[in-house]
Structures are given as C-alpha cells and as structure tokens.
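The values are calculated or read from the model by the stated rules, or taken from the named source; none is laboratory data. As the structure is a computational prediction, the values presented were derived from the model and not from experiment. Quick reminder, even Gly has a Cβ in these numbers, built from the backbone with ideal geometry, and neighbours come from all protein chains shown.
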Amino acid sequence: MNAYVTPFAGGDTIASPSSLIDFIRSNTFDRPTLVLSRDVVAQNYRALKSGLGRADIHYAVKANPAREVIETLIAEGSRFDAASRGEIELCLSLGAKPEQISFGNTVKRASDIAFAHAAGITLFAADAEMEIDKIAEHAPGARVYIRLLVGATGADWPLSRKFGCAPERAVALMDQAASLGLEPVGLSFHVGSQTRRAEMWRDTLDQVGAVWAEAHAAGHALSVINIGGGFPAFYGDEIASPGRYAADVMMMVEQRFPGATRVMAEPGRGMVAEAGMIAAEVLLVSRKSDADLCRWVYLDIGRFSGLAETEGEAIRYPFLTERDHEATGPCILAGPSCDSADVLYEKRPVALPVGLRAGDRIIIRCCGAYTSSYSSVGFNGFPPLDVVVI
Ligand SMILES: *Cc1c(COP(=O)(O)O)cnc(C)c1O
C-alpha cells in the first residue's frame, strides 16, 4: 500500500505544503486569507494524470477558480469542466481552447448554451428532456452526454440527488437527442465528493456500465465515458496517494466500458484541496458556564466566509497553531457572524491547545477546494476570503 500518511513532508524540488506554512508564518494578514501554491496544484495534476493514464483530465473549475490555478493547469495540459458562462469565459481568457472545455452543468441558462456554442464548445451534459431541447435549439449538432443518477456510495460530501436521471431514462434521452440532430456520445456520473477509497466506486461503475451496455444494444455507439470527480484529499484520515487511487479507479473503468475511445475525469477537490491553507485568527475563547468541559473558540472565518463544507461537519479540516506543543482540550469551533448556524464543529469537538487566546494565528490546512468559491459575499460585513497565490 502506498499510504499517504505524511503529505506535509516536503520534497526537495517541489513546493510542499510546508512552503505554505512558512509563507503564512512569515507574513501578517488583516483578514482570513487562503494561500495557494501553484507548485502543489501542478504536482497534484501530474500525480492524478499518472494514475488516470489515457483519461483526459477536465478540472472542475468550481473547486477553485483562481486565475493562477487555471493558468497552471493550462500549462500542464489540463482540460476544464465549466458550469456557467463565467467559468467558460475565465478559461478561454486564460488561453484554454474551446475544444478543451466541457459544459458539464445539467442545468444551463439558454443564453449560456448559445454563448458556449458560439465560442466553439461542442460537448454538453444533460439529464432531462427540456435540457436536451435547449441544447438542440441553442447549440445545434452538439455532442451530449447523459448524466446518470447513481446510488449513494458513502462519499463524505455526496452529490447524488440533485443531478442525473434514473438509469432507465437514459436511452430515451439519447433517442430524443439523436432525433433533434444532436450527437449522443456518452454517459457521465459523479460518485460523490471525497470518496475516500477507490473500492467505493465499484457499485457505481457497475450501474453505469449496465446503462452503457443497454445504450449500445439500443443502437447508440457511445464513445465517451465521463467518470466525474470524487478524488479525495487528505483531511487526516488515511487515503491512497492520488496516483494509486486514480490507477485503481481506471482499472475498474477499463473493464466496464467497451468501445470507450475517450475517458474523461473531472477532479476538483483532489486537484486543489491540499494546495491551499487558510491563515485565520482566534477572535475569542470562552466558557459558557463553569461546568462546561468544552471551550467555545470563535474564529474570524466561518460557514459563510469560506468554510461552507463544515455543514453537517462533513469535511473536517485539520488545524495548526503556534501552541501545538501544549496540552489540548476539546473545543466547539464557530465563525464570527451573528448567525447561530455559523458553528463549524460541535458534535465532534476539536482538540486545541489549552492556552489558545484571542489574537492567536490558526492555520486551517487542506483548504484549497471549495472555500474561496463559496465565499463571494461579505455576510455581516465580514470580508470574503482573500486569496494569495505563491
Ligand atoms: C463539482 C463537480 C466535480 C468535482 O468534484 P470533486 O469531488 O471536487 O472532484 C466534477 N464534475 C462535476 C460535474 C461537478 O459538478
């Protein structure tokens, strides 16, 4: 097993996350700031690519749309999966070619479809009749892949219910697409974000493989299988290295989709999470009563300023403080806003140093994915997450 238990140990020639810690420790920040390393993004791309082999990587832009991330990935040869006109324009403006961009959102504004079509994008996702009607009208002749609803896999951040059609509807949608002059080329799905073990893909791949066979039997010579995202990041629970994990997934993919001349993968989290850390500050440490075992620790960043994925305590970020040599005690962690939902971890308290004080720096690790993208408004007057790229 190629266990990935020491991801923070630095390599000689690549910027490791310790370069992020060094950068944060040697600078001051007047607001919560995400510090991102281009080198770690490039390193993650290469690791995923090594395991994914012949699959094309379409980075899911929503995970982190910083221009430096997109530029780095363009330089590495990545392709992109975009969800809106804004994301398409971002990729095009930085030099991505339209044929390298898929429009993977299954719920698209008609004018965005027309924009994408005019820009030269030819690959679109759909999971419903009306969406296929819109694509046929605004992007005539386009290639479409049908997104399937798949059963829950045990992913930490499931994406299962909102997107995709039930397997038994897929062939009818392909028939409809073909009758409207579109080219039904394949299938897509998402196993759920932060699917910690490759083995957890197996049932989903079986379900999708069955629809693939059914579509071929119905006369649709599918050639594209889009396996979506789900590639995990290291939040403290042991995971396989990105290359090992991706290779294990690809081995299962290759057994199930005969005739697939093109495999697409859309990593988001696995590409950028470990490339970022947030420099944050402790605003208050308090006890609600003399009998309380847990302290409440209020940070200057919360659920509404970048840490949305703490919802349901699903994603558990690791923390670093300047007092990590001290004894620790259990803490309930909360954000700064005047909203009682702005509590990060309460059901499972976090162990933090007993001497933690207002004004202390706290580094939140593994924060490169789904933080700045969730933090675009300044709720309660707290500034949205600042981003610095090194
Ligand atoms: C968000 C998203 C992804 C990325 O998922 P991760 O779990 O972050 O890898 C991939 N594909 C689609 C269609 C998405 O919406």
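Every condition in (1) in contact with a helix residue (DSSP H, G or I) (Cβ under 9 Å, 6 or more places away or on another chain); (2) within 16 Å of the ligand (Cβ to nearest atom) holds for E346 except the one numbered (2).
Scanning segment 284-309 for residues that are of a type in the set (S, T, Y) and surrounded by fewer than 16 Cβ atoms within 10 Å (Cβ to Cβ) yields S286, S289. Pairing residues of segment 213-242 that are in contact (Cβ under 8 Å) with a residue 12 or more places away in the chain and closer than 27 Å to F103 by Cα with residues that are among the aromatic types (F, W, Y) and within 13 Å of the ligand (Cβ to nearest atom), at Cβ distances under 6 Å and at least 6 apart in sequence or on separate chains, gives V224/Y145; N226/Y145; G228/F189.
Restricting segment 150-178 to residues that are at pLDDT 95 or above, away from the ligand (no atom under 12 Å from the Cβ) and not in a helix (DSSP H, G or I), the residue that is farthest from S188 (Cα to Cα) is A166. Just name the residue that is farthest from the ligand (Cβ to nearest atom) out of those in segment 221-240 that are at pLDDT 95 or above and farther than 18 Å from V191 by Cα. The selected residue is A221. Does Y317 satisfy being surrounded by fewer than 21 Cβ atoms within 10 Å (Cβ to Cβ), modelled with pLDDT of 95 or more and closer than 27 Å to T28 by Cβ? No; evaluated as a whole, the condition is false for this residue.
Scan segment 354-378 for residues that are surrounded by 18 or more Cβ atoms within 10 Å (Cβ to Cβ), more than 16 Å from the ligand (Cβ to nearest atom) and not in a loop (DSSP other than H, G, I, E, B) and jot them down. Listed by number, the residues that qualify are I362, I363, I364. Output the residue which, of all residues in segment 142-174 that are under 18 Å from the mean Cα position of the chain (by Cα), of a type in the set (D, E, K, R) and within 15 Å of A128 (Cα to Cα), is surrounded by the most Cβ atoms within 10 Å (Cβ to Cβ). Only one residue fits best here, namely R147.
Within segment 249-283, if we keep just the residues that are part of a helix (DSSP H, G or I) and away from the ligand (no atom under 16 Å from the Cβ), the residue that is surrounded by the fewest Cβ atoms within 10 Å (Cβ to Cβ) turns out to be M251.
Restricting the first member to segment 184-195 and to residues that are free of Cβ contacts under 8 Å to residues at least 12 places away in the same chain, and the second to residues that are near the ligand (Cβ under 9 Å from one of its atoms), no beta-carbon pair is closer than 6 Å while six or more apart or on different chains.
What's the total number of residues in segment 42-82 that are within 16 Å of the ligand (Cβ to nearest atom) and touching a strand residue (DSSP E or B) at 6+ places or on another chain (Cβ under 8 Å)? Count: 21.
In segment 50-74, which residues are in a loop (DSSP other than H, G, I, E, B), under 15 Å from the mean Cα position of the chain (by Cα) and small (G, A, S)?
A66
Annotation note: of A47, A42, A118, A96, the sole residue that is hydrophobic (A, V, I, L, M, F, W, C) and part of a loop (DSSP other than H, G, I, E, B) is A96.
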